Amino acid sequence: MIDWRHWHNEPWLIGGLVFLGWLWAVAAGPGRSRLAPGTPFPRGHAVRFYLSLFVFYLAVGSPLDQIGERFLFSAHMLQHQLLVYPAAILFLLGLPVWMVDPLLSKAWLAAPLRVATHPVIAALLYSLIVGIWHAPSLYDLALRDKLVHVVEHVMFFLAALIFWWPVLSPSAILPRRNYAVQMLYLVGVVVTMTPVFAYITFTQDILYPTYEFAPRLLANFTAADDQLLAGAMMKLVGIMVSLGTFMVAFYRWYQEKK
């Protein structure tokens, strides 16, 4: 059964998060005098960035990982949504422009990122990565192989950063798109994700053997119920977050046009 004391402390996870936090601290501390002389310490950015790392750890390092890996598809879906929404959003909002643009001034990095974050490409990349990973053979392999599972989660997070870049870009070199484009883009992503949602939600088969034969944690909550809940979570949470972001973009677009 579930061990609620089981929190991951693997060096690659803890070390990776600590390394990212250290890099940000160095850039915002001693590196700030060179990157942005006279700029005060970005407290708000710090809160958002470190909160992003905390949410990332909750998603993949807490007992939720064990539940999602061994028992419930819906718990695994919740992990992915934590990575795609709060973790990725807070990560981008935690990066000051002066911390990002010195990197993007390098053509070797800016050129591929410019292509990847074009709204059409970003929507397709995000939808393809999420869709391909939900193929039964690949998804179930991630549940059985720890390394593949790590790759899956890292790819989800990176795809989420690309997805949110046109709306939340922290860069003046590759800036956020105008509000009208943002609104069209958000609607487009919801549409492109619909086949994945429909595939999971409306199929008559249990897609992933791990969950079909997993011990039931709740009485009368079948593998079919779990799969239906996971599919509904994918669509409803995605729509709610996109709708909220759409409304913000619409309000700001309206204010510009007044």
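We did not get these values from a lab; they are worked out from the coordinates using the rules stated. This is a predicted model, so every value here is computed, not measured. Here Cβ is always computed from backbone atoms with ideal geometry, including for glycine, and neighbour counts include all displayed protein chains.
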Under 8 Å for C-alpha pairs, at least 6 residues apart: give me the relative contact order for the chain, rounded to a whole percent. 21 percent
With the convex hull built on the alpha-carbon atoms of region 1-82, volume per residue in Å³ sits at 98 Å³
Around Ser171, with a cut-off of 11 angstrom between Cβ atoms, what is the net charge of the other residues, counting Lys and Arg +1 and Asp and Glu -1? +1
Report, in cubic angstrom per residue, the convex hull volume of the C-alpha atoms of region 176-258. 111 Å³
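Is it possible to state the helix-based mean residue ellipticity at 222 nm for the chain, with each DSSP H run of 4+ residues giving -39500 (n - 2.57), the sum divided by total residues, to the nearest 500 deg cm²/dmol? What is it?
Details: 14 runs with 193 residues, N = 258.
Counting only the DSSP helices, I get -24000 deg cm²/dmol.
What is the percent of Cα-Cα separations in region 144-197 that go past 13 Å?
Details: 973 of 1431 pairs.
The proportion of pairs with Cα distances above 13 Å equals 68 percent.
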